[in-house]
Amino acid sequence: MSVDRSRAPVKAGLQAAHQISTADAVLMLFTFVSGLLLDRTLELPAQTAGSVLVWAVMLRALHRAEGDLRIIIIACLAWSSLGEVIGSLIWGLYKYRLYNIPMFVPPGHVLMLLMALYVAQRMRVIVLVGAPATAAVYAMYAGFSGSDTFSLAITPLLFVALVLGRNRAVYAATFLLAIALELYGTSLGNWRWELHAPGLEISMANPPLCIGALYCLRDALAGRSVGWLRTLRHAVREPDVIAPPAALSARSA
């Protein structure tokens, strides 16, 4: 008996780590380290030109991607761009060195997600233990010291992802990678977090160490976009099984 795969339930998610090789991961890591190091001294025209490298690496990954990973890359690019506009330009949680959103940032989010997929597959136990342990210890410190109440407020998002999410290791890897990225970028002066979250007036460190919990939201939206797109495609392709009124009247006659 044949099975109509187009109607079978689909588990959308971040399950394409096998497409990312060690060479790919090394290239992405080199792009982050060298790109941010170079960007700290560039003015706007040179910064835009320097973004070409990040876009080239991301487009290479998009070209080589197969199946759901291609959708995830595009979705991550879109969701992270929206998140940057809200977080930096509208809410004002942080500011980039030139008070803009550098062109390399949205594709940089994509590369970070791809690195999380790679790390999650190869260091599953380490990240699943390391992420919640780090979050819990720092959240307690932030709560008692009052130095980073923002981290304390968003940490539950990570634990929700780790308890309810299908891709727990990916979320855990993203959380830990976000810590490394934020510490590196803020130490170089590429961006700076405000002392208090605008509108909430709660304290923030530079960076809020548990900000990776919000990066997990980015991952979840990118992964769920696969399922949403398939649902939309099935709805568009679904044949009209209800006869139009004209046809019904013709049959009754």
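Can you tell me which condition Leu82 does not meet? The list is (1) assigned to a helix (DSSP H, G or I); (2) in contact with a Leu (Cβ under 8 Å, 6 or more places away or on another chain), and all the others hold.
Leu82 satisfies all of (1) assigned to a helix (DSSP H, G or I); (2) in contact with a Leu (Cβ under 8 Å, 6 or more places away or on another chain) except (2).
Please go through segment 90-106 and give me each residue that is in contact with a helix residue (DSSP H, G or I) (Cβ under 7 Å, 6 or more places away or on another chain) and in a helix (DSSP H, G or I), ordered by number.
Val105, Pro106
Results for (1) over 25 Å from Ala235 (Cβ atoms); (2) at pLDDT below 95, shown as yes or no for each residue.
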| site | (1), (2) |
| --- | --- |
| Leu14 | no, yes |
| Ser51 | yes, yes |
| Ala56 | yes, no |
| Ala75 | no, no |
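Name the residue that is modelled with the lowest pLDDT, counting only residues in segment 194-253 that are within 28 Å of Pro156 (Cα to Cα) and of a type in the set (Lys, Arg).
Selected residue: Arg224.
What residue, among those in segment 161-176 that are surrounded by fewer than 23 Cβ atoms within 10 Å (Cβ to Cβ) and assigned to a helix (DSSP H, G or I), is modelled with the highest pLDDT?
Restricting to residues being surrounded by fewer than 23 Cβ atoms within 10 Å (Cβ to Cβ) and assigned to a helix (DSSP H, G or I), the top hit is Leu176.
Within segment 141-153, can one find any residue that is over 30 Å from Glu43 (Cβ atoms), in a helix (DSSP H, G or I) and within 17 Å of the chain's Cα centre (by Cα)?
Residues of segment 141-153 over 30 Å from Glu43 (Cβ atoms): 141-153.
Applying the additional criterion that residues be in a helix (DSSP H, G or I) yields 141-145, 149-153.
Next, from what is left, pick out any that are within 17 Å of the chain's Cα centre (by Cα): none.
The answer is no; no qualifying residue exists.
What are the pairs with Cβ atoms under 7 angstrom where one residue, in segment 54-72, is farther than 23 Å from Gly227 by Cα and the other, located anywhere, is surrounded by 21 or more Cβ atoms within 10 Å (Cβ to Cβ) and aromatic (Phe, Trp, Tyr)? Sequence gap at least six, or different chains.
Pairs found: Val54/Phe104.
Only residues that are among the hydrophobic types (A, V, I, L, M, F, W, C), surrounded by 19 or more Cβ atoms within 10 Å (Cβ to Cβ), touching a Leu at 6+ places or on another chain (Cβ under 8 Å) and assigned to a helix (DSSP H, G or I): list them for segment 180-213, please.
Of everything in segment 180-213, just one residue is among the hydrophobic types (A, V, I, L, M, F, W, C), surrounded by 19 or more Cβ atoms within 10 Å (Cβ to Cβ), touching a Leu at 6+ places or on another chain (Cβ under 8 Å) and assigned to a helix (DSSP H, G or I), namely Ala213.
Tell me which residues, restricted to segment 156-188, are among the polar types (S, T, N, Q) and under 16 Å from the mean Cα position of the chain (by Cα). Lay out the reasoning, then the answer.
Filtering segment 156-188 for residues among the polar types (S, T, N, Q) gives 167, 174, 186-187.
If the condition is that a residue be among the polar types (S, T, N, Q) and under 16 Å from the mean Cα position of the chain (by Cα), then Asn167, Thr174 are the ones that fit.
Inside segment 38-53, can you point out the residues that are part of a helix (DSSP H, G or I) and either without any contact (Cβ under 8 Å) to a residue 12 or more places away in the chain or at positive phi (or both)? Talk me through it step by step, then tell me what you get.
Going through segment 38-53, the residues part of a helix (DSSP H, G or I) turn out to be 38-39, 44-53.
Within segment 38-53, Pro45, Ala46, Ala49, Val52 qualify.
Are any of the residues in segment 127-139 at pLDDT below 95 and either under 16 Å from the mean Cα position of the chain (by Cα) or in a helix (DSSP H, G or I) (or both)? Don't jump to the end; show me each part of the working.
First, the residues of segment 127-139 that are at pLDDT below 95: 139.
In the following step, the residues that additionally are either under 16 Å from the mean Cα position of the chain (by Cα) or in a helix (DSSP H, G or I) (or both) were identified as 139.
Looking through segment 127-139, at least one residue is at pLDDT below 95 and either under 16 Å from the mean Cα position of the chain (by Cα) or in a helix (DSSP H, G or I) (or both).
Would it be correct to say that Pro9 is surrounded by fewer than 19 Cβ atoms within 10 Å (Cβ to Cβ), in a helix (DSSP H, G or I) and either at pLDDT below 95 or among the polar types (S, T, N, Q) (or both)? Give the derivation first.
Details: surrounded by fewer than 19 Cβ atoms within 10 Å (Cβ to Cβ): yes; in a helix (DSSP H, G or I): no; either at pLDDT below 95 or among the polar types (S, T, N, Q) (or both): yes.
So Pro9 fails the test.
Can you name the residue in segment 11-67 that is touching a helix residue (DSSP H, G or I) at 6+ places or on another chain (Cβ under 9 Å) and of a type in the set (D, E, K, R) and is also nearest to Ala220 (Cα to Cα) among such residues?
Among them, the one singled out is Lys11.
Going by the conditions given, is Leu113 more than 30 Å from Pro45 (Cβ to Cβ), aliphatic (A, V, I, L, M) and out of contact with any Phe, Trp or Tyr (no Cβ under 8 Å at 6 or more places or on another chain)?
Against the criterion (more than 30 Å from Pro45 (Cβ to Cβ), aliphatic (A, V, I, L, M) and out of contact with any Phe, Trp or Tyr (no Cβ under 8 Å at 6 or more places or on another chain)), Leu113 does not qualify.
Could you check Ser151 against (1) under 23 Å from Val119 (Cα atoms); (2) crowded, with 20+ Cβ neighbours inside 10 Å and say which number it fails?
Exception for Ser151: condition (1).
The values are calculated or read from the model by the stated rules, or taken from the named source; none is laboratory data. The structure presented is a predicted model; accordingly, all values stated were derived computationally and were not measured. No Cβ is skipped: glycine too gets one built from the backbone with ideal geometry, and neighbour counts run over all protein chains shown.
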